[in-house]
Amino acid sequence: MKKTWVYGAATLVVLGALTTACGSKDEVIPSVATGTKDAGTATTVQVKTETGTGTKASTTSAKPAIDANYKVDGKNVTITYQTSNFKLSEDDMDKANVLGVGHLHLYVDGKQKAMIGKTGPLTLTNLTTGAHEIKLELQQNDHKDLNIEKILNIVVK
């Protein structure tokens with residue numbers, strides 16, 4: 001009887017330790033709100049907010065869209081972008097999804113560099129000479145891809 005009790009108690013202790021060590025499936029790992037995500041490269045991202053050029057969320061079921069243009073200045077590229085039927089919101093990142101509200105993920109040559117939740121031009125600095133693919137993706141608040149993107153093929157001379 002005493003031996004069974006000891007085995008039962010030991011089993012409970014081991015099970016408790018395993019579930020504590022493995023964590024909960026609801027565990028949340030915080031993400032980067034803005035700035036550089038890939039610290040392995042020297043390219044940096046700067047976002048400047050423009051007043052009066054905000055985007056508005058749509059109350060209809062119109063499909064969100066993004067448009068962007070760029071200007072190359074030496075090794076720097078300034079990108080201006082605008083969304084339609086979609087509101088960029090830095091405050092709602094990592095929160096519950098809201099129809100027509102979210103943020104952008106910025107990729108340079110396939111590597112995610114930043115998450116952007118506001119309107120304004122952004123400047124990529126210190127790009128290497130050659131061709132680069134810049135991708136802006138619309139994301140929901142919980143970072144689920146909306147499959148809406150703008151790809152810019154840029155050449156730095």
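Details
- Region 120-135 - residue that is open to solvent by less than 30 Å² (accessible area, probe 1.4 Å) and in contact with an Asp or Glu (Cβ under 6 Å, 6 or more places away or on another chain) and, of those, farthest from residue 76 (Cα to Cα): 120
- In region 136-150, the count of residues that are in a strand (DSSP E or B), open to solvent by less than 10 Å² (accessible area, probe 1.4 Å) and among the β-branched types (Val, Ile, Thr) is zero.
- Top-ranked residue in region 59-89 [being assigned to a loop (DSSP other than H, G, I, E, B) and within 21 Å of the chain's Cα centre (by Cα); ranked as surrounded by the fewest Cβ atoms within 10 Å (Cβ to Cβ)]: 63
- Conditions (1) open to solvent by 70 Å² or more (accessible area, probe 1.4 Å); (2) closer than 19 Å to residue 62 by Cβ; (3) among the charged types (D, E, K, R): number failed by residue 111: (2)
The values are calculated or read from the model by the stated rules, or taken from the named source; none is laboratory data. This one's a predicted model, so the numbers in the text were calculated from it and none came from an experiment. In this analysis, Cβ positions are derived from the backbone assuming ideal geometry, glycine residues included, and neighbour counts consider all displayed protein chains. Side chains are part of the model used for accessible areas, which takes the heavy atoms of the whole protein and leaves out ligands, DNA and RNA. Shrake-Rupley method; radii C 1.70, N 1.55, O 1.52, S 1.80 Å.
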